[in-house]
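First the structure, in the form of structure tokens, and then the observations on it.
The values are calculated or read from the model by the stated rules, or taken from the named source; none is laboratory data. All values derive from a computational prediction rather than experimental measurement. Because the Cβ atoms are built from the backbone with ideal geometry, glycine has one as well, and the counts that use them run over all protein chains shown. When the accessible area is computed, the model is the full protein with side chains, heavy atoms only, and any ligands, DNA or RNA have been set aside. Shrake-Rupley method; radii C 1.70, N 1.55, O 1.52, S 1.80 Å.
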Amino acid sequence: MPYTKNGNSSARKPENDSERMKRQKTKEKCGLLIATALILIGIMLLAVPGMKFSAFLTVGLATLLVVDLLLGKRSEQHRAFKVCKLIFRCIVAAVLAVLICIEGYVISCGEQVPPDQHVDAVIVLGAGVHGETPSLALQTRINAAAEYLKRQSNVPIVLSGGKGSGESITEAEAMRRALWTNSQERNEQYLLEEQSTNTAENFRYSKVLLAQQGIDVETDVIAVVTNDFHLARAKVIATKQGYCKVIGVPAELPWWWLNGNYYVREAFAMVKSVIFD
């Protein structure tokens, strides 16, 4: 038997049942502590405007952790639960890998700078309106559109968005009021699409208005103004609606934590859009 410099056996002493159970209990306590912390964080995030998704996500992570701990505890007593724990972890790992890949695509689309080229039409996607006041998301889209339209002239501009709960005017009208200028020629370019209630309808109904202006979404270049985190999903939905040449014009929210919340949420929304929209 080999010896160390101190003359002790280098063979590791087998772990007895008492030590193994102690280590398992310590692991369970740490896991429950982390789960409790995640739940408390989730509750606090509910009080932050716009962070509801992150709140539910942290509670969901806490739930997954508790389930894993329960399966681990039961697997010590029943062999079948070892298989269940392995399957559970494989599913979680696979879903996480898919979401990470999607998130990478969402981020890459949001960081793309629109090329400095003339387009055939512009669509500004609507967002929430508080009474008659644009929400933060909508205001950033309006600002991005105003800046981008300085580089475009004599093109149809579709302001797309209907009226939802808590909105006194349509999102399209809120954008029209904000973008209204002293130029009658520019104002005549605004086309109001006031029926849509989601992104798929934004593109579906906007396509009708563009066709009336002689724009073919299959061949003409269309610039789409929306928030940076929303661009990837907007492009996917536009493609499903028959748009073939879409340029994204990103609008960034001012607070990084709010932007991060929506970027993470978009990975889940992308899955929904690909399957159902």
- Under 5 Å between amide H atoms, partner at least 5 residues away or on a different chain: which partners does Ile123 have, H built in plane at 1.01 Å? Val158, Ala223, Val224, Val225
- Task: Could you run the Karplus curve 6.51 cos²θ - 1.76 cosθ + 1.60 with θ = phi - 60° over segment 20-32 and give me ³J(HN,Hα) per residue in whole Hz, x for Gly and Pro?
- Result: 5, 5, 5, 5, 5, 5, 5, 5, 5, 5, 5, x, 5
- Query: Once phi is turned into θ = phi - 60°, what whole-Hz ³J(HN,Hα) does the Karplus curve with 6.51, -1.76 and 1.60 give for every residue of segment 143-150, x standing for Gly and Pro?
  - Reply: 4, 5, 5, 4, 5, 5, 5, 5
- Query: If you roll a 1.4 Å probe over the heavy atoms of the protein chains, what accessible area per residue do you get for the chain, in Å²?
  - Reply: 58 Å²
- Task: State, in angstrom, two size descriptors of the chain derived from its alpha carbons: Rg to one decimal place and Dmax to the nearest whole number.
- Result: 26.4, 95
- Task: Straight distance only, please: which lysines reach the Cα of Lys82 with their own Cα at less than 30 Å, same-chain residues fewer than 8 apart left out?
- Result: Lys13, Lys22, Lys25, Lys27, Lys29, Lys73
- Query: Tell me, what is the FRET efficiency for Gln184 and Leu61 to the nearest 0.05, using R0 = 45 angstrom and their Cβ-Cβ distance as r?
  - Reply: 0.25
- Query: Taking the mean number of other Cβ atoms within 10 Å as a proxy for protection, how do you rank 40-53, 235-248 from highest to lowest?
  - Reply: 235-248, 40-53
- Message: Using each residue's phi in segment 82-87, evaluate 6.51 cos²θ - 1.76 cosθ + 1.60 at θ = phi - 60° and report the 3J(HN,Hα) Karplus result to the nearest Hz, with x for Gly and Pro.
- Response: 5, 5, 4, 5, 5, 4
- Going highest first, how would you order 163-170, 66-73 by mean Cβ packing within 10 Å? 66-73, 163-170
- Note on the structure: By the mean-Cβ-within-10 Å protection proxy, highest first, 119-128, 263-272 rank as 119-128, 263-272
